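Below is one structure, written out as structure tokens, with a few remarks after it.
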Amino acid sequence: MMQPAVRCSSLVWLALSLVPIPVTAGEVPKWEGGAGVAVIDFPDYRGSDERNTYVLPIPYFVYRGKFLKIDREKVRGLLFKSERVELDVSLSGSVPVKSSDNEARQGMPDLDPTLELGPSLNLALHRSEGNKFVLELRLPVRPVIDIHADFQGYVFQPQLNLDVQDPAGYTGWKLGLLAGPVFANGRYHQYFYGVDPADATATRPAYTAHGGYAGSQFIGALSKRFPKYWVGGFVKWDSLHGAAFEDSPLVRDSHNFTVGFAISRIFSRSECMVQEDP
């Protein structure tokens, strides 16, 4: 049975990975620290027709080193960076699901939380003057492990990402739009959507999931950095139409929404200032 502490820490991690931090131009502190709260409403898993809403405490940490930049969006510039090409680390994952609390999975093993971590090749397709508009093609490939460090497949998620500074003239705000398909191998799909013969019932037949297309994702995020705090919100739409596992009995809804909002208070910052680059 999944321990409550594991579930809580996984949800906090999810909040950190989904709520964006705005990028501002000019001189900024080399590091900043603080804390805040996030509210997130999301389905148990992609394709589930059951969902939960959580209010979570979240830490706030930003580091802007010469080669290593850490924020809630990603670890940037860690591997390679040039004017048009960047190789960094892509991070994602899933939260645990207690099968006894999900009708579609009643009697099946619980889903452990997973961590997806791998390289991402990012290509700058367009940068406007002053970087007000930045369009990137991101090509992340992420191996997947569960909480027991067992390999659960891999995910390839090509994305078009558009960052807009001061959208519609609202100074200091940042708008982010991201869209793209998701692909994964059979092991990954089987972990979430497969039904072993021992778990089959009259209404849930045995099912073997295959690799391939896993649907598409569309994300919109809006955020702003104030002198002593920041706010951010996002909405994500998942479509499983045409996915290789769409006919799995565990897919109860081919379209899912996830929404979230966070606010953090900044308590401390570095006296050393650095030039921020978007």
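Please give the FRET efficiency for residue 241 paired with residue 27, using the beta carbon to beta carbon distance and R0 = 51 Å, rounded to the nearest 0.05. Taking R0 as 51 Å, the efficiency between residue 241 and residue 27 is 0.65. This model, with +1 at the C-beta of Lys and Arg and -1 at the C-beta of Asp and Glu, gives the range 220-278 a dipole about its Cα centre of some 480 debye.
Whole-Hz Karplus values for the range 101-117 come out as 9, 10, 4, 5, 9, 3, x, 8, x, 5, 8, 6, x, 10, 10, 10, 9 Hz, taken residue by residue from phi with 6.51 cos²θ - 1.76 cosθ + 1.60 and θ = phi - 60°; glycine and proline positions read x. Each Lys and Arg contributes +1 and each Asp and Glu -1, all at the Cβ; summed about the Cα centre of the range 145-278, the dipole is approximately 520 debye. Here the 3J(HN,Hα) profile of the range 174-182, calculated from phi with Karplus coefficients 6.51, -1.76 and 1.60 at θ = phi - 60°, is 10, 10, x, 10, 9, 8, x, x, 10 Hz, Gly and Pro shown as x.
Pairs from the table (81/236; 81/228; 81/132; 174/228) lying more than 23 angstrom apart at Cα are 81/236; 81/228. Can you grab the distance from the C-alpha centre of the range 176-194 to the C-alpha centre of the range 79-123, Å, no decimals? Computed from Cα coordinates, the inter-centre distance equals 9 Å.
Any read-out appearing in this document is the output of simple, stated calculations on the displayed coordinates, not a laboratory observation. Note that the structure is a prediction, hence the values are computed from the model and not measured. Neighbour counts are summed over all protein chains in view; Cβ atoms, including those assigned to glycine, are modelled from backbone coordinates with ideal geometry.
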